[in-house]
Amino acid sequence: MKEPSVFKQLDMAMLPIMEHTLVFENEFMLSDNFGTPADMVDTSEFVSPAYPFKVNFTLMLFCTQGEIRLRTNLQEVRLTSEHVLVVLPGTIGECLEVSADCQVAMIAFVGHRYEQGADMTLSIQFQKYLTRQLVFAILPEEMEETLTIYHAMRRKVEQVDYAFTREALNGYMQVLFSNGKQWMARHMKEEGHKAEGAENRSQQLFDRFLELVQQHYKEEKSVSFYAGQMCITPKYLSQVVHQATRRHTGDWIKDYVILEAKALLKSKAYTVQQISDLLHFANPSFFGKYFRAAVGCSPRKYMLE
């Protein structure tokens, strides 16, 4: 069964509309709640811990005050003052909590139009890093510069007689991407990602394993497949993953499958059989047993809750 291009994902239209929201050509959004308490913004469609969603756009959040708690691709993260969150398309997540005093600026865009012009090698490295590091702590002066760029973009969108808005936004985004890569380089240096040694080698193997799982979990659920892709034995892969995370290899694969299944079920866009096909199970019965063992209830019951 061919997977549809769209199921009920989190798209830009579902994002909380704050007081200062601007949208350009239905592809680029700028929004903030500066001066407006977070509890006055309707986040009911966004903050729902029992409802995983799948993001189909790139999202950048810049927090200047308060706190947001999220779970993205099985990692729980906290966004606080002087922190930046970058979420890539295809991310599955849950927004757990937004504090009443939270103040954020948000940039969201669809497609790759606003990434054009970036160095390809650095862009791939940046995206790879973001699969494990979603939140950056930045310096106060870096946040100040970021907000200056943000407000400059707002002025361009609001300038109705300006004929080159997309080009201007693209230019400002290149500066933000360049700054992001600078933040990445600093974080990598501080965390010792470039250090040599067996411990770092294990982390690299685990990171590669997670990359492969994110690419293939719908079709491939066996440890042996991923070990084969990495040219190591299943036993060695299991040892590496357990050493890095204290969790079993199969648990990581299963969690990705179940998270996707939950998002599809809660979308109510497909039948259980269709979801079984989308996730490449042999039949709905096998899918049902797999889901029940992990969640404690049948797929249909979860869908209807």
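Any read-out appearing in this document is the output of simple, stated calculations on the displayed coordinates, not a laboratory observation. In this text the structure is predicted, and so the values were computed from the model without any measurement. As a convention, Cβ positions derive from the backbone with ideal geometry for all residues, glycine included, and neighbour counts pool all protein chains shown.
Numerical summary
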quantity	calculated
Residue-span extension gain [F225 to Q75] - 0.36 nm each, minus C-alpha spacing	51.6 nm
Inter-probe distance in nm under a simple model that places probes 7 Å from Cα toward Cβ, at A293 and N170	5.0
Per-pair calculated FRET efficiency, R0 = 41 Å: K268 and R201 via Cβ, rounded to 0.05	0.40
Principal axes of segment 198-304: Cα extent on each, largest first, Å	47, 22, 20
Length released on extending from A163 to I232, taking residue separation times 0.36 nm less the Cα-Cα span	19.3 nm
Label-point separation, T36 to A137 (7 Å along Cα→Cβ), nm	3.1
Charge dipole (segment 198-304, unit charges on Cβ, about Cα centre) - positive-most of G288, N200, Y256	G288
Restraint check, K218/K268; K54/K221; K266/K289; K156/K266; K268/K289; K181/K262, Cα-Cα greater than 29 Å	K156/K266; K181/K262
